[in-house]
Amino acid sequence: MKIKTTLSAGVLAVVLAAMGSPAYGEEAPSPDALPIEGAEYTPVEPIDATLVIDGKPADIAVMADFDPEAPALVFDETGNPVAVSDIELIYADGQTAKVEAVDTTNRAALAGCSWYSWVAPGTGTWYTSVNGCSFIGLNAATQVGYSWTVDSNSSGSACLNGRGYQYLTWPGGGGYSELWGGIGCGSGGDSGGDALPWGNVASTKRIKMISYSTPSGSAGMFQ
């Protein structure tokens, strides 16, 4: 459940002014050159909300499944975590939700925002994992890195896709698309991963997985 509070009138005025300024509302993010070959794309619309990071409204598209109660990591375009002390999610009606920023200097906190389990039953069907940590990109060039392992005692094999985002243009306009791109395949004891476009987006890391060893399934971890 999202915990919302009412934003003070002064801070709300600053945020709403930023949302209505040309720098916020009229400049489209720099699009990636081309879609990823073989990736699955679905157009998505950000929600009407703004992230305020360390007191400054950020030009970041907030997706509908962004969970302010989940641990959140902030990354720059180089893929490195950025230390922040305060993040708030500001809704268009002036309510706010506190976002739990992960302390990048705390190894235990980072470890707690890392590995999540995945399971691909041996049905030959794609499954979607649980949500990972919230991920906030600060730049249109930001990429999200995925790593995965297959349990050493797993009798099956699986292929995995990671979630990313791209701002794509087409004749007459453009917009954000959620993408699912391949991050590798493996069997018992294997590990791998890859990076996918993310951009200046706030959302949640997830993967899809399918067993290619039916009827044997497979299981492992991802981050």
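The values are calculated or read from the model by the stated rules, or taken from the named source; none is laboratory data. The structure presented is a predicted model; accordingly, all values stated were derived computationally and were not measured. Counting neighbours? That spans all protein chains shown, and the Cβs are built from the backbone with ideal geometry, glycine included.
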- The correct count of residues that are of a type in the set (Gly, Ala, Ser), outside any strand (DSSP E or B) and in contact with a Ser or Thr (Cβ under 6 Å, 6 or more places away or on another chain) in segment 65-84 is 2
- Note on the structure: By my count, strands (runs of 3 or more DSSP E) wholly in segment 85-141 with at least 2 residues that are over 17 Å from the mean Cα position of the chain (by Cα) and at pLDDT 90 or above are 87-91, 95-99, 116-120
- Message: Filter segment 165-223 down to the residues that are touching a strand residue (DSSP E or B) at 6+ places or on another chain (Cβ under 6 Å), more than 20 Å from LEU138 (Cα to Cα) and of a type in the set (Val, Ile, Thr) and list them by number.
- Response: ILE183, ILE207, ILE210
- Task: Within segment 142-175, work out how many residues are at pLDDT below 95 and more than 23 Å from LEU51 (Cβ to Cβ).
- Result: 11
- Item | Matching entry among ALA97, ALA49, ALA72 (being within 23 Å of TYR116 (Cα to Cα) and surrounded by 14 or more Cβ atoms within 10 Å (Cβ to Cβ)) | ALA72
- Query: Name the residues in segment 171-222 that are part of a strand (DSSP E or B), farther than 19 Å from GLU40 by Cα, in contact (Cβ under 8 Å) with a residue 24 or more places away in the chain and not aliphatic (A, V, I, L, M), would you?
  - Reply: GLY186, SER187, SER191, GLY192, SER218, GLY220, PHE222
